[in-house]
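Below: the structure, in structure tokens.
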Amino acid sequence: MINFATKRSNLLLTGLALGATAMATSLVGYVRREVQRRGYPSWEECQCDFKDKQAFFQVFHSRHQWRGATIVTQEWGAHLVNPAPWLRRLLHHGSQALAVLNMGNHYVERVTLSPQEAHQFVYAIQGKSMGEQDDESQEIMEKRQLIWRREVLHVPSHPLDAYVHRLYPLPVTKKISAGLPVLWDRASDTPITVEGTLLDTPLGTRIDYIGWTPSQVAYCTARLEATRE
């Protein structure tokens, strides 16, 4: 009787182990196929912070706030300095896997925001926050030339600290023709306050979320091959 119970338990455990192995193999295969289909860069081709930077801030959670026409972003994560080569590769491939498994098709898009678009966007935001403006105020706004500026407000100084930066419009007197490269979050229809190699990707490139907010993106999850098609 004891032997029969032991054999049945062993069979059950073996079945569960085989099932778990099959599921894991299937999941790994799905992730690999999806990474290839989306056109994510390989480790050799990637220009991510994980590969090239001596130190970088890995975002785990972020929060975006509107303050008038200014977008303020607070990011929480880990400041990594000279991580081991195996950890760099793990972060690269892990980012791609998490982006594939992150359901909801969340992404940001690489666009160039022209001074005219900046003006229209800021005017719309200010119109919502300030209510209806009189004709004189509207005429003054229409004559102003606006550009976007990025500014770092706080750099983390300890492990539990936050990285705070903002994107804000700035009025200028001379005519500006150059636009500002940004990542645009289609879900909230707002620009994202990021810098770095992500802004060097081609126009129209989609960069998939790694986590749950637009700040959790990386060059590793840019759909570069899909952009070329």
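The values are calculated or read from the model by the stated rules, or taken from the named source; none is laboratory data. Predicted model, so just to flag it, every value in this text is computed and none were measured. Cβ sites come from the backbone with ideal geometry, for glycine too, and all protein chains shown count toward neighbours. To get the accessible areas, we keep the full protein, side chains included, count just its heavy atoms, and leave off ligands, DNA and RNA. Shrake-Rupley method; radii C 1.70, N 1.55, O 1.52, S 1.80 Å.
Sort 82-89, 206-213 by packing, meaning the average of other beta carbons within 10 Å per residue, with the highest value first. Provide the component values of the computation, followed by the final result.
Working: 82-89: 12.1, 206-213: 20.9.
The peptides rank, most packed first, as 206-213, 82-89.
For the set Asp161, Asp200, Asp189, the ranking by accessible area, highest first and with no ligand, DNA or RNA atoms included, is Asp200, Asp189, Asp161 under a 1.4 Å probe. Spin-label model, Ser188 to Asn105: label points 7 Å out along the Cα-to-beta-carbon direction sit 2.2 nm apart. One decimal place: the segment Ala162-Ser42 gains 40.2 nm when fully extended, by the rule 0.36 nm per residue minus the C-alpha distance.
Among the protein heavy atoms of region 36-84, carbon and sulfur supply 46% of the accessible surface, probe 1.4 Å, non-protein parts ignored.
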